[in-house]
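Report on the structure given below.
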Amino acid sequence: MPNSTTYVLVHGAWHDGRSWNRVAPLLTAEGHRVFAPSLTGHGEKVHLLSPEVGLTTHTDDVIGLILEHDLTDVVLVGHSYAGMVISNVANHVPERISRLVYVDAMVPTHGENAIDVMPLTQVMIDGAAGSAKPWRIPPLPESAAPLGLFGVTDPDDIAWLKSTLTDESVLCFQQPAEMDNPAQASIPRTHILCVGDEPEGVARRPIPKLQPNGEPSRVHTINTGHDAMLTRPAELGALLLNNS
């Protein structure tokens, strides 16, 4: 199909592929191909959650999808924790990626793990340490408005989101990102930040003025909570369409 783009949308921690349900149709309606997989331990793969599931597992999930469908020129989109995942994927198959899009996401450098990028993660790990299964990190609890649940405040949306959330393996936050392949540095990057009310203790790492390829960083903002794919799908979809 002329001017058709392939998008691979990767969900964040505790979520699953359904988190993109409002965005994916906006992209396919424009003639694009969209994949929104659930990572191991989530969605239809929830039964596979174990202490051995980590960042490497989720990296392999996405690489496997790309190779299985022989995808090329992929716009690889990662939300939140999935910024770690897409960075790893780009390091392994840079020749198949045309752009990386970080949606309110963790942006690591080589050797950093999620705790390095967002120290609050360690607090959650410590909180689970005394439980019967300390390797299982439960989702963040719902807060009073305007924070809500991952920035979602509509009661119906919160109820739906709760039905999809599942625990994350601690190894996902402990394994380091691999970004030592020089080829990945040449991939253009776009950053989409959700701005407004943010939970206390969540410090956003500044986006560098220059991308690794030397070009000025592309940074866009959406005035909404963390889960923009649920709260502002049209705005997020438009940014994805305009940055592919």
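So that you can scan it fast, the table gives a plain yes or no per residue for (1) out of contact with any strand residue (DSSP E or B) (no Cβ under 9 Å at 6 or more places or on another chain); (2) open to solvent by 30 Å² or more (accessible area, probe 1.4 Å); (3) polar (S, T, N, Q); (4) part of a helix (DSSP H, G or I):
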{"site": "ALA183", "(1), (2), (3), (4)": "yes, yes, no, yes"}
{"site": "LEU193", "(1), (2), (3), (4)": "no, no, no, no"}
{"site": "ARG204", "(1), (2), (3), (4)": "no, yes, no, no"}
{"site": "GLY214", "(1), (2), (3), (4)": "yes, yes, no, no"}
{"site": "ILE222", "(1), (2), (3), (4)": "no, no, no, no"}
Within the range 119-134, tally of residues that are more than 26 Å from PRO206 (Cβ to Cβ) and either among the aliphatic types (A, V, I, L, M) or open to solvent by less than 50 Å² (accessible area, probe 1.4 Å) (or both): 3
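Residue-by-condition table, conditions (1) under 30 Å from VAL74 (Cα atoms); (2) among the charged types (D, E, K, R):
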| position | (1), (2) |
| --- | --- |
| VAL93 | yes, no |
| ARG96 | yes, yes |
| VAL101 | yes, no |
| THR109 | yes, no |
| ASN113 | yes, no |
| MET118 | yes, no |
| ASP126 | no, yes |
| LYS133 | no, yes |
VAL89 vs. criteria out of contact with any Pro (no Cβ under 9 Å at 6 or more places or on another chain), part of a helix (DSSP H, G or I) and under 20 Å from HIS191 (Cα atoms): yes
Qualifying positions in the range 157-181 - farther than 15 Å from ARG18 by Cβ and open to solvent by 40 Å² or more (accessible area, probe 1.4 Å): LEU171, GLN174, GLN175, PRO176, GLU178, ASP180, ASN181
Pairs with Cβ under 6 Å, 6+ apart, first in the range 117-144 and more than 25 Å from GLU178 (Cα to Cα), second of a type in the set (D, E, K, R) and open to solvent by less than 60 Å² (accessible area, probe 1.4 Å): PRO138/ASP167
Filter result for LEU39 (assigned to a loop (DSSP other than H, G, I, E, B), modelled with pLDDT under 95 and either within 26 Å of THR6 (Cα to Cα) or within 18 Å of the chain's Cα centre (by Cα) (or both)): no
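This table checks each residue for (1) aliphatic (A, V, I, L, M); (2) open to solvent by 60 Å² or more (accessible area, probe 1.4 Å).
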{"position": "SER50", "(1), (2)": "no, no"}
{"position": "SER80", "(1), (2)": "no, no"}
{"position": "MET84", "(1), (2)": "yes, no"}
{"position": "GLU95", "(1), (2)": "no, yes"}
{"position": "SER98", "(1), (2)": "no, no"}
{"position": "VAL103", "(1), (2)": "yes, no"}
{"position": "VAL117", "(1), (2)": "yes, no"}
All positions within the range 92-107 that are under 16 Å from GLN211 (Cα atoms) and either touching a Lys or Arg at 6+ places or on another chain (Cβ under 9 Å) or part of a loop (DSSP other than H, G, I, E, B) (or both): ARG99, LEU100, VAL101, TYR102, ALA105, MET106, VAL107
Residue under evaluation ARG33, criteria (1) open to solvent by less than 30 Å² (accessible area, probe 1.4 Å); (2) in contact with a strand residue (DSSP E or B) (Cβ under 6 Å, 6 or more places away or on another chain); (3) not polar (S, T, N, Q), criterion not met: (1)
Residue check, GLY83 within 19 Å of ASN213 (Cα to Cα), assigned to a helix (DSSP H, G or I), among the small types (Gly, Ala, Ser) and without any contact (Cβ under 8 Å) to a residue 40 or more places away in the chain: yes
Cross-chain or 6+ apart pairs with Cβ under 6 Å, the range 56-68 first and under 15 Å from ILE97 (Cβ atoms) and open to solvent by 10 Å² or more (accessible area, probe 1.4 Å), then at pLDDT 95 or above and assigned to a helix (DSSP H, G or I): ILE63/VAL89; ILE63/HIS92
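The values are calculated or read from the model by the stated rules, or taken from the named source; none is laboratory data. This one's a predicted model, so the numbers in the text were calculated from it and none came from an experiment. No Cβ is skipped: glycine too gets one built from the backbone with ideal geometry, and neighbour counts run over all protein chains shown. When the accessible area is computed, the model is the full protein with side chains, heavy atoms only, and any ligands, DNA or RNA have been set aside. Shrake-Rupley method; radii C 1.70, N 1.55, O 1.52, S 1.80 Å.
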